[in-house]
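Nothing in this text is a laboratory measurement; each read-out follows from the coordinates by a stated rule. Fair warning: this is a prediction, and the values are worked out from it, not measured in the lab. We place every Cβ from the backbone using ideal geometry, glycine too, and count neighbours over all the protein chains shown.
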Amino acid sequence: MIEVVSTTPFTDQKPGTSGLRKKVKVFQQPDYAENLIQSVFDVLEGFAGKTLVIGGDGRFLNREVIQIALRMAAANGFGRVLVGQGGILSTPAASHVIRKYGAFGGLVLSASHNPGGPDEDFGIKYNIGNGGPAPEAVTEAIYARTLAIDAYRTLRAPDVDIDTPGTCELGGMTVEVIDPVADYADLMESLFDFAAIRAMLGAGFTMSFDAMSAVTGPYAKEIFEVRLGAPAGTVVNGTPLPDFGHHHPDPNLVHARALHERMMGPDAPDFGAASDGDGDRNLIIGKGQYVTPSDSLAVLAANARLAPGYAGGLAGIARSMPTSGAADRVAEGLGIPLYETPTGWKFFGNLLDAGMVTICGEESAGTGSDHVREKDGVWAVLLWLNVLAARKVGVAAIMADHWAQFGRNYYARHDYEGIASERADALMAALRASLPDLPGRATPAGAVSAADDFAYTDPTDGSVSARQGVRVLFADGSRAVFRLSGTGTQGATLRVYIERYEPAGGNLALDTGDALAPLIAAAEAVAAIREYTGMDRPSVIT
Ligand code: G16
């Protein structure tokens, strides 16, 4: 029986870089999840009788919110819901399921790389029919609706069994519980040379994949250990846990330190990789060789033709603005366009749909292609394996070759976490106010040559996204970029992105910290980071 429940708005449901992320306790307030889900449905048109995909990364609260969403989808008139067994769908797998089954859209329940558990984070994101995150116009409309909502529709009905594959009815809607892994694994097999990778693994190539007790465990076991024949134990931390085993499921050098230490040690396997809470990010480390995400994008773009799915070449490359310019040089070499977008995967969707780009990436450990409309951690690992199998050399040799050909973009991101929001806002306001005076200003890295606040005009629909990050540029092409995170749930995080380009033939083997030291000092001075934050060093360097 359909129930229309009166409610009152919450004022804090503004989606960030990637959906709405809040503490679990915030989502546990009565009507909180319901208000957001109803607001999503209220701004959509024409979904009666259509299919909705629902899945999440298995974190704490996943199962409860899935039951809420199922009842509300039925009460709002969806005809069918595809839900991952156990409530599980990695973010790229959800994107693929939406596309493969021609769904109207999907609800992706995740706070991605943020920690999980009763005192940690949860999130809800709406993806549109192309399988990608809703564009800004839609997220803005959802937010506006959350501020005006006065009722939501649900059913009085018992919970649906989401653990047994099969089909059942819920208030006139069909609920289909699907295998979360099979469709995705088939897609991967269609893109990459599994026979060559299997042969490489069979010939003694060793790898370790850290699933960080998050969603990719079942995907990685099926793909690497079952379909590609890597030995059992190749996938570590392979069981998804609601609190990720108390770890922070962010595949970077801080939170995947154990993997990094192993890869730098004497008994390192040939290849190490990790993915995040919901499976869209990736970390790549060769034996003794860390690969920055920006470099990984560039190398994958330069070598993509070696994989069957990309043998026809790339239409173009897109990267988020703070991502290094390494991919730009590859695009130039390939004679294809390079697009620079604001931070957030949602800005790649239109370019991919229009066939203008094939591969996209972000410095935040996200790489992906036109096979889905999300970044995709396991995909990036497989493309690397395909390249290694085809070139028959190690990661370090591939990086050395790449830099020798294109030059090297030394790169680091410094995060200052847990800043009081007013202080972070004041820092950014002061930085923006100083923009006209910055050119010519002396810094430890030389004089500033130009400075601006990045704005993006989407070439497919003309939509404009302004105030996307302050860029401070130097004459030799070095730069520092400043922006506030849009995915945190507590206080503010200042992200400072630092980059210096060293041309081919130059000094390509510097320590990154040494190479960037003057720029780091310049960034700290220009933004008066110590004065505003009280912090004399970043909390995380990636
Ligand atoms: C961060 C990254 C972005 C990324 C976003 C969402 O945003 O900087 O590049 O698109 O997370 O990624 P995920 O879905 O893996 O969390 P922000 O605003 O915190 O910088």
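Considering only 361, 404, 421, the residue lying farthest towards the positive end of the dipole of region 352-421 is 404, judged by Cα position with unit charges set on Cβ.
Phi angles of region 140-149 translate, via the Karplus equation with coefficients 6.51, -1.76, 1.60 and θ = phi - 60°, into HN-Hα couplings of 5, 5, 4, 4, 4, 5, 4, 7, 10, 4 Hz per residue; Gly and Pro are given as x.
Shape class for the chain: oblate, because the ratio a/c of the largest to smallest gyration tensor axis (alpha-carbon atoms, square roots of eigenvalues) is 1.5 or more and b/c is at least a/b.
Sequentially through region 387-404, phi angles give Karplus couplings (6.51, -1.76, 1.60; θ = phi - 60°) of 5, 4, 5, 6, 8, 6, 10, x, 4, 4, 5, 5, 5, 4, 4, 4, 5, 5 Hz, Gly and Pro residues having no value and appearing as x. Considering only beta bridges that DSSP places wholly inside region 300-373, some 35 percent are antiparallel. Residues 107, 427, ranked from the fewest to the most other C-beta atoms within 10 Å, line up as 427, 107. Taken along the Cα-to-beta-carbon direction at a fixed 7 Å, the label points for residue 447 and residue 507 span 2.3 nm. First check a/c for region 2-180, with a ≥ b ≥ c the square roots of the eigenvalues of its C-alpha gyration tensor; if it is under 1.5, answer rounded, and if not, answer prolate when a/b is larger than b/c or oblate otherwise. Rounded, because the longest to shortest axis ratio a/c is under 1.5.
The residue 535 and residue 514 beta-carbon pair, evaluated with R₀ = 30 Å, returns a calculated FRET efficiency of approximately 0.85. Straight-line cross-link partners of residue 50 among the aspartates and glutamates, defined as a Cα under 17 Å from its Cα and at least 8 positions apart when in the same chain: 42, 169, 176. In this structure, the amide hydrogen of residue 236, modeled 1.01 Å from its nitrogen in the peptide plane, lies closer than 5 angstrom to those of 209, 210, 211, counting only residues at least 5 positions away or on a different chain.
Amide H contacts of residue 105: 53, each under 5 Å away and 5 or more positions distant or on a separate chain (H built 1.01 Å from N in the peptide plane; Pro and chain starts excluded). The charge dipole of the chain, taken about the Cα centre with unit charges on the Cβ atoms of Lys, Arg (+1) and Asp, Glu (-1), comes to about 400 debye, rounded to the nearest 20.
Rounded to 0.05, the FRET efficiency of the residue 404 and residue 475 pair, given R0 = 30 Å and the Cβ-Cβ distance, is 0.75. Considering only beta bridges that DSSP places wholly inside the chain, some 70 percent are antiparallel.
Simple spin-label estimate for residue 179 and residue 163 gives 2.0 nm between the two label positions (7 Å along the Cα-to-Cβ direction from each Cα).
Taking a ≥ b ≥ c as the square roots of the eigenvalues of the Cα gyration tensor, an a/c ratio of 1.5 or more together with a/b no larger than b/c marks region 453-516 as oblate. Charges were assigned to the Cβ only: +1 to each Lys and Arg, -1 to each Asp and Glu. The resulting dipole of region 408-541 about its Cα centre is roughly 40 debye. When the label point is put 7 Å from the Cα of residue 528 along its Cα-to-beta-carbon vector, which residues of region 420-446 have a backbone N closer than 12 Å? Correct set: 426-434. Multiplying the residue separation of residue 257 and residue 243 by 0.36 nm and subtracting their alpha-carbon distance yields 3.2 nm.
Using a cut-off of 18 Å between Cα atoms, the listed pairs 221/375; 22/375; 14/346; 346/375; 287/392 include 221/375; 22/375 as exceeding that distance.
Available extension along the chain between residue 433 and residue 521 is 29.6 nm, counting 0.36 nm per residue and deducting the alpha carbon span.
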